[in-house]
Amino acid sequence: MLWREKKYAWFLLIFLWCFGFAGSLSRFVISYYQGEITSSLGVGRNFLGTTWSVATFIGALCAPLGGLLVDRFGVKKVMVLVSSCQILSIITVLTLQNELGYFIGNGLFAGFVGLGASTSYVLVTGWFRHHRAKALAVLGSSTSLGFAVMVPVLANWEGLNWIKVYQVLLLISLIFIPCIIFVLREHQKADSTDEDYVTAMSSPSESTNKPTAKWLTGMRIFTQMLRHPVYLVVAFGILTCGISMGTVEMNLVSIHQQAHVSTAMISSAMSLLGLLEVFGGITFSFLLDHTSRTKALAILYLLRTAAFTLLILHFPVSPVLFSLIFGATYVGAVPGAILVAREYLGGTDKNMGLHTGILLLVHQLGGGLAAMGGGFNFDYAHNYQILIGLNLLLSLLVCAGYFRVQSRNKAETAAESLAQ
């Protein structure tokens, strides 16, 4: 036992982290080689944005389906299926090397990779008992740190192009499948707490519910959510967050390139963004625990407003300043919003899965809209100013919304104190 966890648990974490680190190449190629890809395929950037959006939407829809497959067939089989989809995606792009091949590979087949959204979570939470949150945080850092390290290295690698990066990705995916089969082991038997939960969930009273009744219950809950003013603020905030992340993931490098920023400055800024995604997320988690969550989220969107203001003005040090400010807020908005929704819609509500699922779907929708919007903005205006300005305005509105919720809470608390 190592720190009260089995040695295999730590080995599994290292194994998944390494492949997550290597998998950040997919993020690098999409964000860094947009100009080269459009020139090679003879397409506009709106095509790349649309393709990325299709993959995002399909991935969002596949995520809950993937969770059901994990419960039914186990993690290993689902991971093999997902890796096969990844391989099929890359082979399609490399074989056809045209507009249709890119759309089918990076749009349709890549979307099916969303089936594996829950696999790493299931494995880590199954093997870890005492350090689950820490393990998930470490695992989540793999892609961000990979992006931070790979940008300065690969951006200055002479002779490297988007085709060669995809070939490396194909090799990594091919290696991953035998590793899944021979290295990964299904998680341990659930502990007593988990067993109690499973027993309760499979009680006779629950199993006799009719599907129609469950569907009607879900629709009623969804309607109640839409009537709750705080949930509307949260949903609007999560949509804005999706738009912001879609803008950064898909268009930030192109924004800097269009402003004639040097390759060295872009590399430094993107590496800084990757590092701040990790450390900013940890810092913001402390802020969420030690102050009002609505106040913390209002501050987060105020910082994002400042970041997009710097980006739309775009002076020499804007790339670095934007990465510092936006990176610090990168991973805090989604968990913060889910916590606020849980707080106001009932912390013990057994339907919080529905609440969370809807919020994540809205977030993915925002990312897809940003990817498409960025491509159309560039093709018709030859810049990204409209997209940046939209992010600035939406972040400011969400900031005001959360401050409004915070002030309302203070007023209600003061009224309750006077009544007592």
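The values are calculated or read from the model by the stated rules, or taken from the named source; none is laboratory data. Quick caveat: nothing in here was measured; it's all calculated off a predicted structure. Here the Cβ positions follow ideal geometry from the backbone for every residue, glycine too, while neighbour counts run over all protein chains shown. With ligands, DNA and RNA removed, areas are computed over all heavy atoms of the protein, side chains included. Shrake-Rupley method; radii C 1.70, N 1.55, O 1.52, S 1.80 Å.
Between L321 and A381, the simple spin-label model (points 7 angstrom out along Cα→Cβ) gives 2.1 nm. Here E5 sits with roughly 0 square angstrom of accessible surface, probe radius 1.4 Å. Accessible surface comparison of I90, I358, probe 1.4 Å, protein chains only, largest first: the order is I358, I90. Across the protein chains, with a 1.4 Å probe defining accessible surface, the residues W157, W162, W52 rank W157, W52, W162 from largest area downward.
Put F112, F103 in order of accessible area, largest first, 1.4 Å probe: what do you get?
Accessible-area ranking of F112, F103, largest first: F112, F103.
Rounded to whole numbers, the Karplus 3J(HN,Hα) couplings from phi for segment 25-32 are 4, 5, 5, 5, 5, 5, 7, 8 Hz, using 6.51 cos²θ - 1.76 cosθ + 1.60 with θ = phi - 60°, and x at Gly and Pro.
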